[in-house]
Amino acid sequence: MKCVNMETELNASIKADLISIGNVQVDKSLLPDQFKTTATAGPGAGGSSIFLRAGNRRVRLTINDLSPLRMIPEDDHVVVVKGDSVIASGVLERPLCHCPEQAYITISEKCIYDCQFCPVPKLQGEVKTSEKVQQMVAEAYSTGELKAISLTSGVAVSPEKEVKRAAGIIKQLARDYDLPIGVSVYPTKDSSEELYFAGACEVKYNVETMDPGLFRRFCPDLSLPAVLEALDNAVNIFGRNRVSSNFIIGLGESDETVRKGIERLTGRCIIPILRPISPHPLRDNMGNINRPDAERLFRLGNMLREMLDRQSLCADKSRTMCLLCTGCDLTPHRDV
Ligand code: SF4
């Protein structure tokens, strides 16, 4: 087997390669439960994942026996093998709740909406009580590794009720823990005020795509103008570097749409998170979706970093959620 150059282990282009594939076969000896996590929200919901860290970079890969990548132990670390070459090496990180260093909790694992890329409406999971969330955070805190609390949610009954529930849970958590709290929900007219005054320091409202035609097709129950308006308002309340938005790559959007979308968002001090689409087995009728290849991820990641720089925005100042984790994306200022 050819060996990876340790100088280049998990550099930005290798991370782009790993993310573009997105999954890995895992040697059974690495599979004890403490290294696995199961996503309960968003496009990855329902799948088990593993986190690899090398230097300052982290990558999340879904465990899949059919993957072209293999992860195997070697001495005190692990290596990722593609074909007959070792392409990355690092150590496995233990997720706390969902990802390393965070209690990232989905408070409602069900949704009344039906975004076509998302398995959550099909899974119709648990709506967690406040007590359950507190208990999960307490367990994560007891490890001594907890750096942030992050909450996300589907829409179990209505966006207004979900925001109210999230605000109530945040209020309690802010009283009990001296940790940054981030939250990602479908926004309402007053959600930023409610969540900020409850004690959240960062918010994420997802545009999903900045192509209005694709938005109507993939998110028929949601409103892109309403999300954009809520994001603008969120910046007024939470401030610069405290507002982000998932922007899915691979739904059929052109690079020009991505460029204009990033320009629109960064121009209002919103940090886009370019998230490669993960086709889910419960969503097999999505048509022409394509997980972006490494070259496209790398190119768009660099474009995003340049546009953030133009506005003096710093993704690496984020204290919660995906911009702190970085596992699924090429994160500007952390990876590129
Ligand atoms: S980047 Fe976000 S979605 Fe991905 S593992 Fe980290 S917290 Fe979860």
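Each reported figure results from applying straightforward, stated rules to the coordinates on display, with no laboratory input. The model shown is predicted, which means the values in this text are computed figures rather than measured ones. Cβ: placed from backbone, ideal geometry, glycine included. Neighbour counts: every protein chain shown.
Looking only at segment 135-166, which residues are assigned to a helix (DSSP H, G or I), under 19 Å from Glu193 (Cβ atoms) and either more than 21 Å from the chain's Cα centre (by Cα) or among the β-branched types (Val, Ile, Thr) (or both)?
If the condition is that a residue be assigned to a helix (DSSP H, G or I), under 19 Å from Glu193 (Cβ atoms) and either more than 21 Å from the chain's Cα centre (by Cα) or among the β-branched types (Val, Ile, Thr) (or both), then Glu160, Lys161, Val163, Lys164, Arg165 are the ones that fit.
Which condition does Val183 not pass, out of (1) in contact with a Leu (Cβ under 6 Å, 6 or more places away or on another chain); (2) surrounded by fewer than 21 Cβ atoms within 10 Å (Cβ to Cβ), if it passes all the others?
(2) is the only condition that Val183 fails.
Which residues, counting only those in segment 102-123, are within 21 Å of Ile149 (Cα to Cα) and within 14 Å of the ligand (Cβ to nearest atom)?
Gln102, Ala103, Tyr104, Ile105, Thr106
Let me spell it out: the conditions are (1) surrounded by 21 or more Cβ atoms within 10 Å (Cβ to Cβ); (2) in contact with an Asp or Glu (Cβ under 6 Å, 6 or more places away or on another chain), and Ile105 meets all of them except one. Which number is the exception?
Unmet condition: (2).
Could you tell me which residue of segment 311-332 is farthest from the chain's Cα centre (by Cα), considering only residues that are within 16 Å of the ligand (Cβ to nearest atom) and polar (S, T, N, Q)?
For segment 311-332, the residue satisfying everything is Ser318.
Select, from Leu308, Leu265, Leu282, the only residue that is touching a residue at least 12 places away in the same chain (Cβ under 8 Å), buried (at least 23 other Cβ atoms within 10 Å of the Cβ), more than 17 Å from the chain's Cα centre (by Cα) and more than 16 Å from the ligand (Cβ to nearest atom).
Leu265
Looking at Asp335, is it free of Cβ contacts under 8 Å to residues at least 60 places away in the same chain, within 15 Å of the ligand (Cβ to nearest atom) and closer than 24 Å to Asn56 by Cβ?
no
Provide a single number: the residues in segment 112-158 that are surrounded by fewer than 21 Cβ atoms within 10 Å (Cβ to Cβ), touching a Phe, Trp or Tyr at 6+ places or on another chain (Cβ under 6 Å) and either closer than 17 Å to Cys97 by Cβ or among the aliphatic types (A, V, I, L, M) (or both).
0
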